[in-house]
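*Asks:* Below: one structure in structure tokens.
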Amino acid sequence: MKNMLILGAGTSGTMMANHLNNRLSHDEWNITLVDKEETHYYQPGFLFIPFDIYKPKQVKKSIDKFIPNNVSLIREKINKIDKDQNKVFLQNGLELNYDVLIIATGTDIAPDEIEGMLGDKWQKDIFDFYTYEGAKNLRNKLANWKGGKLVVHICEMPIKCPVAPLEFAFLADSFFINKKMRDQVEITFVTPMDGAFTKPKASKELGYLLEDKNIKLVPNFNIERVDTENKTIIDYGGQEVEYDLLVTVPTNKGDEMVARSGFGDDLNFVPTNKGTLQTTVKDNIFAIGDATNIPASKAGSVAHFEAEILTENIMRYIKGETLNETFDGHANCFIETGHGKALLIDFNYTQEPVTGVFPLPNVGPLSLLKESHMNHMGKLAFKWIYWNMLIKGRHIPFVSSHMSKSGKDIEVKNEPELIK
Amino acid sequence: MIEKTYAGTAVACTDEGYLQELAQWNKSIGTEIAKEESIDMTPKHWEVISYLQDQNKKGTALTIRSIGKSGVVSIKEFYELFPEGPLKKASRIAGIPKPVSCI
Ligand SMILES: Cc1cc2nc3c(=O)[nH]c(=O)nc-3n(C[C@H](O)[C@H](O)[C@H](O)COP(=O)(O)OP(=O)(O)OC[C@H]3O[C@@H](n4cnc5c(N)ncnc54)[C@H](O)[C@@H]3O)c2cc1C
């Protein structure tokens, strides 16, 4: 028997287990998944917990619930990969041999990367909403907060779901309006990028949002340290921003297991071919989702598109065929804008977010790059799609892993090659 | 795409003023772009610029963090050399594409 070993049973690992379970011969292949957690979290739901839109229990389910019977799940921490011996070492001493390895260990926050962040004010005045605990603690804080300066902040790029911090700021505006205390809260959005939206098309269509919601923007802010005494964040250029409540997205890093294995970049992301999803570490090691260093957005929807392509490529690899370089960086995400509305954006490596409708050309019902209530319903429906279709590896009707051009207003002049 | 003339040479630029092709770049062009960014180039500035160009040729995506670890400059010094958006300014002067971010 041969061994297909998948590291991480989050969004990507679970999807790959389901896809490969349908494709590989059970007489020839064992499929094994390893994860340290007992719970599968629906991370997009973390955004809604601080505002009490979702209850914590709505975003978690037992991790084995989505794993097919033929696939074995080992609940243990991964210590490291020995690529030369084709072996993975677990913390409990167990060694696993593999023929093909898939790294799907995702990314996590690293607040210790910024001086002063992880001190005694962490989870008191300084919160994250990228973890289950962080989102829950922030909900408790917001429930009794008397107002003041709310700073929503990104430490450095890349982060998973790059629009989530902006959505947080929009939802905060709605939340305080509903609590009839918006006039007691000053909301500032602080980003290392040169704007809230950095691609020309998106900033043209969406630039009005911050102004309309009276959210102050501080761009080009690369944080050096947090001064918790004076409640100030300070950047390398000497700019300072004061806060009463700091909601930050700390540096996102790949798992330390990657560093211990002797590869990964300075943020522990795995060097991966952006078209094939094979790592440059070794031919029989593939990577998917947030764990890779490819220049696509780190999002569940992206991982979903990647999974379809990676499954094909693993089947080709096993048969000794050349791999398809077909992943185009397709991303498709909803952006909550508050007050029951949302935006939907669709883009890839080379194509900027476009206007038009999705997923059916000229029909929609979702409109791209425009606020609508229907898009908000789409965002909420994503939770159902996630639990019931996405992680089970089912194809989502009408949504292709490649970005489709029909029904979208695509400027022909800078037509990228990759879009089919 | 727009065409701009620096140091007597016509070069193709993006709408945001980044050179389309590093091959069209030379030091005099870099110096003139630097003037537009109100930067007077010193040997230390050029050292950073050639590091960025080398990384670009290798296909490595640049981040403030990776530059801080490069051994060429610390992040603090990088900000002193190219105030405000250092990576954006330095990339423009170096003739390499605008650093990638998200939407
Ligand atoms: C607040 C927030 C909002 C988001 N909103 C959206 C959205 O609206 N739309 C969207 O598409 N995406 C969204 N995302 C992003 C999405 O959740 C992720 O991109 C997706 O979960 C990535 O899947 P993954 O499998 O690569 O990583 P994960 O799902 O994070 O899985 C990684 C798994 O690896 C395990 N692991 C890691 N290291 C080890 C180790 N050493 N030993 C054992 N196990 C290990 C972890 O326990 C985890 O289960 C959001 C994320 C956040 C945080």
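The values are calculated or read from the model by the stated rules, or taken from the named source; none is laboratory data. These numbers were taken from a predicted model, which means no experiment stands behind them. For neighbour counting, all protein chains shown are included, and Cβ atoms are generated from backbone atoms with ideal geometry for every residue, glycine included. In case anyone asks, the SASA skips ligands and DNA or RNA and just uses the protein heavy atoms, side chains included. Shrake-Rupley method; radii C 1.70, N 1.55, O 1.52, S 1.80 Å.
*Asks:* Set the Förster distance to 56 Å, then compute FRET efficiency between B:E77 and A:Y208 from the Cβ-Cβ distance, nearest 0.05.
*Replies:* Approximately 0.90, to the nearest 0.05.
*Asks:* List the residues of segment A:220-246 that lose 10 Å² or more of accessible area once all protein chains are present, compared with their chain alone (1.4 Å probe, heavy atoms only, no ligands or nucleic acids).
*Replies:* Residues losing area: A:N220, A:N222, A:E224, A:Y236, A:G237.
*Asks:* Please list, in order, the residues from segment A:1-45 whose amide nitrogen is less than 20 Å from a point placed 7 Å along the Cα→Cβ vector of A:E133.
*Replies:* Counting only backbone N, you get A:9-10, A:35-45.
*Asks:* Solvent-accessible area per residue for chain A at a 1.4 Å probe radius, Å²?
*Replies:* On a per-residue basis, chain A sits at 41 Å².
*Asks:* To continue, here is another question. How large is ³J(HN,Hα) for each residue in segment A:6-14, as worked out from phi by the Karplus curve 6.51 cos²θ - 1.76 cosθ + 1.60 (θ = phi - 60°), to whole Hz, x for Gly and Pro?
*Replies:* Working through the residues one at a time gives 10, 9, x, 10, x, 4, 6, x, 5 Hz.
*Asks:* Once you treat every alpha carbon in segment A:111-252 as an equal point and sum by Debye, what is log10 I(q)/I(0) at q = 0.09 Å⁻¹?
*Replies:* Evaluating at q = 0.09 Å⁻¹ gives log10 I(q)/I(0) of -0.25.
*Asks:* So, R0 is 25 Å and r is the distance between the beta-carbons of A:V363 and A:K392; what FRET efficiency does that work out to, to 0.05?
*Replies:* So the FRET efficiency works out to roughly 0.40.
*Asks:* With a 1.4 Å probe and all protein chains left in place, how much of the accessible area of the protein assembly as shown comes from carbon and sulfur atoms, in whole percent?
*Replies:* C and S atoms contribute 47 percent here.
*Asks:* Among the GluC sites (Glu not before Pro) in segment A:253-358, which ones are in a DSSP loop with at most 16 other Cβ atoms within 10 Å of the Cβ? Mind listing them?
*Replies:* A:E321, A:E325
*Asks:* Here is a follow-up. So what J values fall out for segment A:175-180 if you push phi through Karplus, 6.51 cos²θ - 1.76 cosθ + 1.60 with θ = phi - 60°, rounded to Hz, Gly and Pro as x?
*Replies:* In residue order, the calculated couplings are 4, 6, 5, 4, 7, 6 Hz.
*Asks:* Please calculate how many Å² of accessible area chain B carries per residue, with a 1.4 Å probe and no DNA, RNA or ligand atoms counted.
*Replies:* Counting only protein heavy atoms, the per-residue value for chain B is 49 Å².
*Asks:* Turning to a different aspect of this structure: Give or take rounding to whole Å, what are the principal axis extents of the alpha carbon atoms in chain B, in descending order?
*Replies:* Extents along the principal axes, in whole Å: 35, 31, 23.
*Asks:* Stick to the Cα atoms of segment A:237-354, pair each with every other, and give me the Kirkwood hydrodynamic radius in Å at one decimal.
*Replies:* This gives a value of 16.5 Å.
*Asks:* Taking R0 as 60 Å, what's the FRET efficiency between A:Q239 and A:R316 from their Cβ-Cβ distance, rounded to 0.05?
*Replies:* 0.75
*Asks:* For B:K88, which aspartates and glutamates qualify as cross-link partners when the Cα separation must be under 12 Å and same-chain residues fewer than eight apart are set aside?
*Replies:* The reachable aspartates and glutamates, counting only those whose Cα sits under 12 Å from B:K88, are A:D194, B:E16, B:E37.
*Asks:* May I pose another question? Compute from the Cα atoms of segment A:270-420 the Rg and the Dmax, the latter being the longest Cα-Cα distance, and quote both in angstrom.
*Replies:* 16.1, 53
*Asks:* Still on this structure, please answer the following. Mark the label point 7 Å from the Cα of A:D99 along Cα→Cβ and return the residues of segment A:315-334 whose backbone N is within less than 17 Å of it.
*Replies:* A:315-322
*Asks:* Something else about it: Report the charge-dipole magnitude of segment A:128-253 in Debye, nearest 20, computed about the Cα centre from +1 at each Lys and Arg Cβ and -1 at each Asp and Glu Cβ.
*Replies:* Approximately 520 debye in magnitude.
*Asks:* Between A and B, buried accessible area summed over both sides at probe 1.4 Å, in Å² to the nearest 100?
*Replies:* Heavy-atom accessible area buried at this interface is about 1700 Å².
*Asks:* Sequence neighbours fewer than 8 away in the same chain don't count; with that in mind, list the aspartates and glutamates whose C-alpha is under 12 Å from A:K408.
*Replies:* Filter leaves A:D346, A:E352.
*Asks:* Now for a separate question. With a point put 7 Å past each Cα toward its Cβ, work out how far A:E256 is from A:K2 in nm, to one decimal.
*Replies:* If labels sit at A:E256 and A:K2, their model points lie 3.5 nm apart.
*Asks:* Taking the Cα centre of the protein assembly as shown as origin and charging only Cβ (+1 Lys, Arg; -1 Asp, Glu), how large is the dipole, in debye to the nearest 20?
*Replies:* Result for the protein assembly as shown is approximately 1300 debye, rounded to the nearest 20.
*Asks:* Here is a further query. Calculated from DSSP H runs of 4 or more alone, at -39500 (n - 2.57) each and per residue, what is the 222 nm mean residue ellipticity of chain A, nearest 500?
*Replies:* Roughly -6500 deg cm²/dmol at 222 nm, from the helical runs in chain A.
*Asks:* If every alpha-carbon in segment A:143-189 counts as one equal scatterer, what log10 I(q)/I(0) does Debye give at q = 0.17, 0.32 1/Å?
*Replies:* -0.52, -1.23
*Asks:* Based on DSSP, what percent of beta bridges with both residues in segment A:111-252 are antiparallel, to the nearest 5?
*Replies:* The answer is about 25 percent antiparallel.
*Asks:* If you don't mind, there's one more thing I want to ask. Would you grab the residues whose amide H sits under 5 Å from the one on A:L73? Only those 5+ places off in sequence or on another chain, please, with H modelled 1.01 Å from N.
*Replies:* Close amide H contacts, sequence-distant or interchain: A:L33.
*Asks:* Helix-only estimate, please: 222 nm mean residue ellipticity of chain B, summing -39500 (n - 2.57) across DSSP H runs of length 4 or more and dividing by its residues, to the nearest 500.
*Replies:* -13000 deg cm²/dmol
*Asks:* Kindly tabulate the residues in segment B:73-91 with an accessible-area decrease of at least 50 Å² between the chain alone and the assembly of all protein chains, using a probe of 1.4 Å.
*Replies:* B:K76, B:Y79, B:K88
*Asks:* Counting only residues 5 or more places away or on other chains, whose amide H sits under 5 Å from the amide H of A:F269 once H atoms are built in the peptide plane?
*Replies:* A:G254
*Asks:* Using modelled amide H (1.01 Å from N, peptide plane; none on Pro or chain starts), what sits under 5 Å from the amide H of A:G195, excluding residues fewer than 5 places away?
*Replies:* Result for A:G195 returns A:N220.
*Asks:* Which loop-located trypsin sites (Lys or Arg not before Pro) does segment A:95-160 contain, where loop means any DSSP state but H, G, I, E or B and the Cβ has at most 16 other Cβ atoms within 10 Å?
*Replies:* A:K121, A:K124, A:K146
*Asks:* Related question: If you restrict to DSSP beta bridges whose two residues both lie in the protein assembly as shown, what percentage is antiparallel, to the nearest 5?
*Replies:* If we restrict to bridges inside the protein assembly as shown, about 50 percent are antiparallel.
*Asks:* Using unit Cβ charges (K, R positive; D, E negative) and no other charged atoms, how large, in debye to the nearest 20, is the dipole of segment B:2-94 about its Cα centre?
*Replies:* With Lys and Arg at +1 and Asp and Glu at -1, about 360 debye.
*Asks:* Separate question: Work out Dmax and Rg for segment A:27-151 from the C-alpha atoms and quote the Rg first, both in angstrom.
*Replies:* Gyration radius and largest Cα-Cα distance of segment A:27-151: 19.0, 63 Å.
*Asks:* Hey, what's the Kirkwood Rh for the protein assembly as shown if you take every pair of different alpha carbons, in angstrom?
*Replies:* One decimal place: 24.3 Å for the Kirkwood radius.
*Asks:* I've got another one for you. Here is the link list: A:K61/A:K179; A:K77/A:K231; A:K2/A:K282; A:K36/A:K392; A:K298/B:K27; A:K149/B:K44. Which ones come out longer than 28 Å on Cα distance?
*Replies:* Violating the 28 Å limit, Cα to Cα: A:K61/A:K179; A:K77/A:K231; A:K298/B:K27; A:K149/B:K44.
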